[in-house]
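Every read-out reported here was derived from the displayed coordinates using simple, explicitly stated rules and does not represent laboratory data. The model shown is predicted, which means the values in this text are computed figures rather than measured ones. Here the Cβ is made from the backbone with ideal geometry for all residues, glycine too, and neighbour counts use every protein chain on show.
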Amino acid sequence: MVQSAKYDAIVVGSGISGGWAAKELTEKGLRVLLLERGRNVEHIKDYVNAVKAPWEYPHRGGRTHAMEEAYPVLKRDYPLNEKNLAFWVNEKDCPYTEVKRFDWFRGYQVGGRSLTWGRQSYRWSDFDFEANAKDGIAVDWPIRYQELAPWYDHVEKHAGIAGSVEGMAQLPDGQFQPAMPLNCGEELIARRLKNKFGGMRRVIPGRIANATQALEGRSACQYRKACWLGCPFGAYFSTQSSTLPAAAKTGKLTLKPWSIVTEVLYDKDRKRATGVRVLDAVTDQWTDYQAKIVFLCASTLNSTWLLMRSATDVWPEGLGSSSGELGHNLMDHHFRCGAEGTLEGLDDKYYYGGRPTGFYIPRFRNLFGDKREYLRGFGYQGSADRKGWARAVKELGVGAAFKDEMSTPGPWVFGATAFGEMLPNHANNIGLDLTKKDKWGLPVLKIDCATGENERLMRKDMVFDLAEMLEEAGAKQVKSWDVGSYPGMAIHEMGTARMGRDPKTSVLNAHNQVWDAPNVFITDGSCMVSSACQNPSLTYMALTARAANFAVNELKRRNL
Amino acid sequence: MIPLSEEDPLRKLNRREAIRYVSAILGGVAFTGGTQLLAVIETASAAGSNTAGDFTTEQIAFLDEIADTILPATKTPGAKAAKVGAFMALMVTDGYGPEEQRVFSDGMQRVDSAMREQAQVSFMKATPEQRLALLVTLDREAKRSIDAREANPNQTKTKPAHYFRMMKELALLGYFTSEIGCMQAQRYVETPGRFDPCVPYSPGEPSWASHA
């Protein structure tokens, strides 16, 4: 065992939350060690496919037997592809156990899933923060919108969120760069819906973490729509484009890739963490690192895995388990259902450039007097596009005229999937599977999670409502669809170390401190108390910045 | 705003030049990493693969003719010029399951024997008109099979698709993602630089080919 230098703070994980923790803590003067279990990915240099043309991939982005064999989980949905395979976890090295099917799509590298995320960025509102208390579900969020609003402001300005000011109580406006506008097809439906459904079902530009105006070290979006390859212009928010350079600039950051944190070191007399234990993923060497505070930002399930392996001499179920809630209340969003319809009268219109977002229809169910047989609600995310050559597969036709027709844009189709809230449920849990080991001999997680009756009832509306809106708006050939959704697939996993007001029923307090170790903060998706229906990453950023500010103040007051 | 005209500099540039051009117009304003980016571009492999899986040269030539009958040269080059036969062979080898592979290669035999039956000539020796007439028939047969599957998804989802649907799908994918398909049949702009949400469109103007 190597003993190593002492830092002010250790941040575990370099994705969206960890990058923010590193930036905020170093900018406030702390010497920070940022630990990442995977390889380094250098900004721009390591985006090896970012400037490849479609024809330069042997399988044109498609799948092979070899890929399906190596990625048995990833192959269950769109992420398995030839173009950005290097940004997804090696599943042979890092297995897990599914008590029930749970599609866990991971990215173990510097930047984590900030390199591949969908970038949709929406604030939560008090409809979300108050929901558990009003419904008597799980526990109350220990914070309200007002406490997070300045931190949303703070992170949005640095991350660069393009969006429109809409004045909707359920989707607060933010510090936006100019929105990426609706195209003519989307504008048509938005206009026709304005005076229907009491004006409650609105089509607005998707709010996206792609800069529309240059930021420090970052160009504005070039509309290549190739974000998930890594952006050579740094136009979308990632750790690499945004938080890591800011942290590095302070001169106080040490980044160590290939560092698997296996345990938080805990001093039971002082009731404080003293640091972390690290296994070098390449050399298998163990090192203990010491720090005054520890931020766990290792991703929703992995931060909890780490707690379960820590301070087990005091609590057999791990650090933070005294409430009995550690590992419980796992959530995701349920989606993959919605509707589409063909738009007429726009055949003389097209668009130019690859816009990396689409439209958003904010939640309208169970709000403002609407009352359904289920709790909470959903939003829709989609786009209107002119169909490309792929429409030819199912159409009758071969030969010259067919080819020339399929080389030109087809009809306008407006379509979207709903993203629905999933209720927290104590029965949805994760734990250590001591019978299965990963490449490094570490026990893996077992996941036991399923959606319930509330989601089933909500899903009927998720399928029906958009079809109804499209009919009302005059779309033709309206079709609704539902291809089924398993937890994990939305890649919005949340919960397992929830915040709360009471150490008996929650793992973290209102400042994301572990009740049983106040110098340990968890600010990734693990901390979430409910799931809302908005994409959660922007809220992780705001919670992280808020907790980092609190931690530094507490350090100054010698409370940690 | 109107789409890029023929005079627009971005239209005429290849992707390396396009990135250089955009780097230049962005200048020092906010573009960091330009040097690394260019280094990546210089080392990125430009060559597509010519691998053709387990298929023989003759079989690839046969697939080229099928693809070229579906997507012949018109005002833009056809599927054969885009080497679509080799792509089909590679995808069947690397991506299809054993049962689908069998259906596909049986399908190649069936195309040939149907040609002999219909016109007393092998597919390779048939005229473009004879080939087209046959594929129109097979296309209708495949379309009936697609419609039946969609009407009854549970009974059919484990059964392989009609062989001609496989051939047509692979030909379309191979062609429209090829350099010819992107750059000539469609319009491919590596770095559009802006988004115009609504531009005039005249009939016959090609689609935008997507990047990723």
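What the table below lists for this structure:
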{"read-out": "Relative contact order (%) - segment A:50-181, alpha-carbon pairs under 8 angstrom, separation at least six", "value": "16"}
{"read-out": "Sequence ranges B:61-67, A:387-393, A:268-274, ranked by mean other-Cβ count within 10 angstrom, highest first", "value": "B:61-67, A:387-393, A:268-274"}
{"read-out": "By average C-beta atoms within 10 angstrom, highest first, the peptides A:377-386, A:35-44, A:415-424", "value": "A:415-424, A:377-386, A:35-44"}
{"read-out": "Reachable lysines, given that their alpha-carbon falls under 24 Å from the alpha-carbon of A:Lys83 and they are not under 8 places away in the same chain", "value": "A:Lys45, A:Lys52, A:Lys75, A:Lys92, A:Lys225, A:Lys387, B:Lys83, B:Lys168"}
{"read-out": "Partner aspartates and glutamates for A:Lys271 [C-alpha distance under 19 Å; skip if fewer than 8 residues away on the same chain]", "value": "A:Asp8, A:Glu263, A:Asp288, A:Asp313, A:Glu317, A:Asp502, A:Asp516, A:Glu554"}
{"read-out": "Under 5 Å, built H, 5+ apart or other chain: amide partners of A:Tyr350", "value": "B:Val199, B:Tyr201"}
{"read-out": "Which of A:Glu147, B:Glu58, A:Glu263 has the fewest Cβ neighbours within 10 Å, and the rest in rising order", "value": "B:Glu58, A:Glu147, A:Glu263"}
{"read-out": "Segment B:124-182, dipole about Cα centre (Lys/Arg Cβ +1, Asp/Glu Cβ -1), debye to the nearest 20", "value": "240"}
{"read-out": "Residue-by-residue Karplus 3J(HN,Hα) for segment A:395-411, coefficients 6.51, -1.76, 1.60, Hz, glycine and proline x", "value": "8, 6, x, 8, x, 4, 5, 4, 4, 5, 5, 6, 7, 10, x, x, x"}
{"read-out": "Residue-averaged beta-carbon neighbours from other chains (10 angstrom radius) around B:180-187", "value": "3"}
{"read-out": "Segment B:60-114 - convex hull of the alpha-carbon atoms, volume per residue in Å³", "value": "68"}
{"read-out": "Charge dipole (chain A, unit charges on Cβ, about Cα centre) - positive-most of A:Val41, A:Phe414, A:Leu466", "value": "A:Val41"}
{"read-out": "Cα-based Kirkwood hydrodynamic radius, segment A:88-197, one decimal, Å", "value": "17.9"}
{"read-out": "Relative frequency of Cα-Cα separations exceeding 45 Å in the protein assembly as shown, percent", "value": "26"}
{"read-out": "Computed label-point distance, nm, for sites A:Thr254 and B:Gln120 using a 7 Å Cα→Cβ extension", "value": "8.7"}
{"read-out": "Qualifying chymotrypsin sites (Phe, Trp or Tyr not before Pro) in segment A:121-213, DSSP loop, other Cβ atoms within 10 Å at most 14", "value": "none"}
{"read-out": "Centroid-to-centroid separation of segment B:195-211 and segment B:99-156 [C-alpha atoms, Å]", "value": "34"}
{"read-out": "Any cysteine of chain A lacking a neighbouring Cys Cβ under 4.7 Å - listed by number", "value": "A:Cys94, A:Cys221, A:Cys227, A:Cys231, A:Cys297, A:Cys337, A:Cys449, A:Cys527, A:Cys533"}
{"read-out": "Label-point separation in nm, B:Arg194 to A:Lys387, each point 7 Å along Cα→Cβ", "value": "3.1"}
{"read-out": "Proxy reagent accessibility, fewest Cβ within 10 Å first, across A:His334, B:His162, A:His426", "value": "A:His426, B:His162, A:His334"}
{"read-out": "Spatial separation of Cα centroids for segment A:20-58 and segment A:406-439, in angstrom", "value": "24"}
{"read-out": "Within 10 Å of each Cβ in B:160-169, the average number of Cβ atoms from other chains", "value": "1"}
{"read-out": "For A:Leu307, net neighbour charge (Lys/Arg +1, Asp/Glu -1) across residues whose Cβ lies under 13 Å away", "value": "-3"}
{"read-out": "Distance-filtered residues of segment A:288-302 - backbone nitrogen under 13 Å, label point 7 angstrom along A:Leu442 Cα→Cβ", "value": "A:297-299, A:301-302"}
{"read-out": "Residue list for segment B:100-127, given a label point 7 angstrom along the Cα-to-Cβ vector of B:Ala133 and an amide N cut-off under 20 Å", "value": "B:110-127"}
{"read-out": "Exercise: per-residue mean of other protein chain Cβ atoms within 10 Å, A:185-191", "value": "1"}
{"read-out": "Within segment A:223-238, backbone nitrogen closer than 15 Å to the virtual label 7 Å beyond the Cα of A:Val48 toward Cβ", "value": "A:229-230"}
{"read-out": "Cα-centre dipole for chain A with unit charges at Cβ (Lys and Arg positive, Asp and Glu negative), debye to 20", "value": "800"}
{"read-out": "Distance in nm between pseudo-label sites at B:Arg140 and A:Glu395 (7 Å out along the Cβ direction from Cα)", "value": "2.0"}
{"read-out": "Length-normalised contact order for chain A - Cα pairs under 8 Å, 6+ apart - percent", "value": "22"}
{"read-out": "Relative contact order (%) - segment A:469-554, alpha-carbon pairs under 8 angstrom, separation at least six", "value": "22"}
{"read-out": "Electrostatic dipole magnitude of segment A:167-284 [Cβ: Lys, Arg +1; Asp, Glu -1; Cα centre; debye, to 20]", "value": "500"}
{"read-out": "Segment A:522-560-segment A:235-291 distance, computed between alpha-carbon centres (Å)", "value": "17"}
